[in-house]
1. Grab the helices (runs of 4 or more DSSP H) fully contained in the stretch 30-104, keeping just those with 1 or more residues being of a type in the set (Ser, Thr, Tyr).
2. Take LEU53 and decide whether it is surrounded by 13 or more Cβ atoms within 10 Å (Cβ to Cβ) and over 15 Å from the mean Cα position of the chain (by Cα).
3. Which of the residues belonging to the stretch 66-88 are within 13 Å of ILE17 (Cβ to Cβ) and open to solvent by 40 Å² or more (accessible area, probe 1.4 Å)?
Amino acid sequence: MLMVLGISLGFVNLTYIFGWPNATSSELGTRTTTIFGQDLVLVPSQLDLLGSLVTAGHIPGSCLAGCLSATLGRKKILMYMMIPNVIGWGLVALAIHPSMILVG
């Protein structure tokens, strides 16, 4: 039951990953402030990169996950792949510069 819940949350997270650049692009294109009180504005070229880097990162990521799941197993690789996921969302949440959002 716990594994089914984990996989379901993984698909919810995947939906957030693909959907959030479109939903937040209007907010990030205007003057917004971070949780630290600094101004953060993404120019149109950075907004375009934000939408495309999400899908471009999945190409090498899926190849790497496929190779690693053959050697480590599916359960372990799902747990290990959550580490860069949490780091990426942490960069987005704590961003003080547009590059932190693009890397996250």
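The values are calculated or read from the model by the stated rules, or taken from the named source; none is laboratory data. Nothing here was measured: the structure is a model prediction, and the numbers come from that model. Using ideal geometry, Cβ is built from the backbone for each residue, glycine included, and neighbour counts are taken over all protein chains shown. Side chains included, ligands, DNA and RNA excluded: accessible areas come from the protein's heavy atoms. Shrake-Rupley method; radii C 1.70, N 1.55, O 1.52, S 1.80 Å.
1. By residue number, 44-56, 58-72, 74-80, 98-103.
2. Details: surrounded by 13 or more Cβ atoms within 10 Å (Cβ to Cβ): yes; over 15 Å from the mean Cα position of the chain (by Cα): no.
It is false that LEU53 is surrounded by 13 or more Cβ atoms within 10 Å (Cβ to Cβ) and over 15 Å from the mean Cα position of the chain (by Cα).
3. Within the stretch 66-88, the first condition is being within 13 Å of ILE17 (Cβ to Cβ), and the residues that meet it are 81-82, 84-86, 88.
Once the filter is applied, which keeps residues that are within 13 Å of ILE17 (Cβ to Cβ) and open to solvent by 40 Å² or more (accessible area, probe 1.4 Å), the stretch 66-88 yields MET81, MET82, PRO84, VAL86.
Rundown of residues vs (1) more than 17 Å from the chain's Cα centre (by Cα); (2) open to solvent by less than 40 Å² (accessible area, probe 1.4 Å), yes/no style:
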residue	(1), (2)
LEU5	yes, no
THR15	no, no
TRP20	no, no
THR33	yes, no
GLN38	yes, no
LEU64	no, no
GLY90	no, yes
